[in-house]
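Asker: Okay, here's the structure, questions in a sec.
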Amino acid sequence: AQTVTQSQPEMSVQEAETVTLSCTYDTSENNYYLFWYKQPPSRQMILVIRQEAYKQQNATENRFSVNFQKAAKSFSLKISDSQLGDTAMYFCAFMSGANSKLTFGKGITLSVRP
Amino acid sequence: GAVVSQHPSWVICKSGTSVKIECRSLDFQATTMFWYRQFPKQSLMLMATSNEGSKATYEQGVEKDKFLINHASLTLSTLTVTSAHPEDSSFYICSARTSIYSGANVLTFGAGSRLTVL
């Protein structure tokens, strides 16, 4: 079974600064995908970024980038130029390539201070 | 982009009654839908996988007779909480996967349904 660990329950960052959210996972599969989802107070799950395990290049989406270390089973999210709208709960998630089931980490509450 | 509509967004019911939550894919066909449960400030827990035209697959510990899932068409899956009790109060979220040949590994989420059982 897959596990996803987010050990930091909450973080705070000053507006315009950079913050990194940590995530580790455990799996015996070779074909899988990793995601970061954002859940604002509205509770709508929003996809932030995704990474295919077979790709060595780290995914980037505008201000969001990941540091994917496959051997270490680590998948951290870096948010650059933090904005007030980034305040939300962030979930790291693992998807099996076999069945598309998502396993979520516990989440981290990120607060961006003005 | 793909849109998933979930209804109702908020429902209050009396203990012992049943409640149905709908999950619709508006602009794509969803061969597979997933149902999650989320308690306040906690993570999403997968309850079941719903495949069009077949029985749902439930995760360990989820009562299939309590949480009835039906996926009768490629655009609609329903979750019925039967004989609801206060401990069933939670936030229920669905997500949908498109056909395996079109970006299958990104799921689109509904906005969630908050169930309160009195």
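Asker: Does A:R50 meet the test of being surrounded by 15 or more Cβ atoms within 10 Å (Cβ to Cβ), of a type in the set (D, E, K, R), within 14 Å of chain B (Cβ to nearest Cβ) and more than 13 Å from the chain's Cα centre (by Cα)?
Answerer: So A:R50 fails the test.
Asker: So is A:R43 away from chain B (no Cβ under 14 Å) and of a type in the set (D, E, K, R) or not?
Answerer: no
Asker: Also, quick follow-up: What's the total number of residues in the stretch B:79-94 that are crowded, with 19+ Cβ neighbours inside 10 Å and more than 14 Å from every other protein chain (Cβ to nearest Cβ)?
Answerer: 4
Asker: What pairs come out if I take residues in the stretch B:81-97 that are assigned to a loop (DSSP other than H, G, I, E, B) and pair them with residues that are open to solvent by less than 40 Å² (accessible area, probe 1.4 Å) whose C-beta lies under 7 Å away, six or more apart or interchain?
Answerer: B:T82/B:K66; B:A84/B:C13; B:A84/B:V19; B:A84/B:V117; B:H85/B:V117; B:S89/B:L115; B:S89/B:V117
Asker: For the stretch A:25-58, give me the residue count where each residue is within 21 Å of A:E10 (Cβ to Cβ) and in a strand (DSSP E or B).
Answerer: 9
Asker: Considering the stretch B:45-65 alone, what residues qualify as being within 11 Å of chain A (Cβ to nearest Cβ) and outside any strand (DSSP E or B)?
Answerer: B:E59, B:Q60
Asker: Let me ask something additional. What number of residues in the stretch A:59-110 are within 14 Å of another protein chain (Cβ to nearest Cβ), under 18 Å from A:Q6 (Cα atoms) and part of a loop (DSSP other than H, G, I, E, B)?
Answerer: 3
Asker: Return yes when A:Y32 is more than 12 Å from the chain's Cα centre (by Cα), open to solvent by 50 Å² or more (accessible area, probe 1.4 Å) and of a type in the set (F, W, Y) and no when it is not.
Answerer: Against the criterion (more than 12 Å from the chain's Cα centre (by Cα), open to solvent by 50 Å² or more (accessible area, probe 1.4 Å) and of a type in the set (F, W, Y)), A:Y32 does not qualify.
Asker: Go through the stretch B:6-44 and report how many residues are assigned to a strand (DSSP E or B), within 14 Å of chain A (Cβ to nearest Cβ) and crowded, with 16+ Cβ neighbours inside 10 Å.
Answerer: Result for the stretch B:6-44: 12.
Residue by residue, here is whether (1) within 21 Å of B:A96 (Cβ to Cβ); (2) aliphatic (A, V, I, L, M); (3) buried (at least 19 other Cβ atoms within 10 Å of the Cβ) holds:
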residue: A:E17; (1), (2), (3): no, no, no
residue: A:T20; (1), (2), (3): no, no, no
residue: A:Q44; (1), (2), (3): yes, no, no
residue: A:A71; (1), (2), (3): no, yes, no
residue: A:F75; (1), (2), (3): no, no, yes
residue: A:M89; (1), (2), (3): no, yes, yes
residue: A:A93; (1), (2), (3): yes, yes, yes
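Asker: Looking at (1) of a type in the set (A, V, I, L, M); (2) in contact with a Phe, Trp or Tyr (Cβ under 8 Å, 6 or more places away or on another chain); (3) open to solvent by 10 Å² or more (accessible area, probe 1.4 Å), find the lone condition where B:L68 falls short.
Answerer: It is condition (2) that B:L68 fails.
Asker: Could you please tell me which pairs satisfy a Cβ distance under 6 Å, a separation of 6+ or placement on different chains, a first residue in the stretch A:69-83 that is on the phi > 0 side of the Ramachandran plot, and a second residue that is surrounded by fewer than 17 Cβ atoms within 10 Å (Cβ to Cβ) and not in a strand (DSSP E or B)?
Answerer: As it stands, the answer is A:D81/A:A16; A:D81/A:R63, since those pairs meet every condition given.
Asker: Would it be correct to say that A:V19 is touching a helix residue (DSSP H, G or I) at 6+ places or on another chain (Cβ under 9 Å) and more than 11 Å from chain B (Cβ to nearest Cβ)?
Answerer: Yes.
The values are calculated or read from the model by the stated rules, or taken from the named source; none is laboratory data. The model shown is predicted, which means the values in this text are computed figures rather than measured ones. All Cβ positions, even for glycine, are placed from backbone atoms using ideal geometry, and neighbour counts span all protein chains on display. Each accessible area value is taken on the protein alone, full model and side chains, heavy atoms only, with ligands, DNA and RNA left out. Shrake-Rupley method; radii C 1.70, N 1.55, O 1.52, S 1.80 Å.
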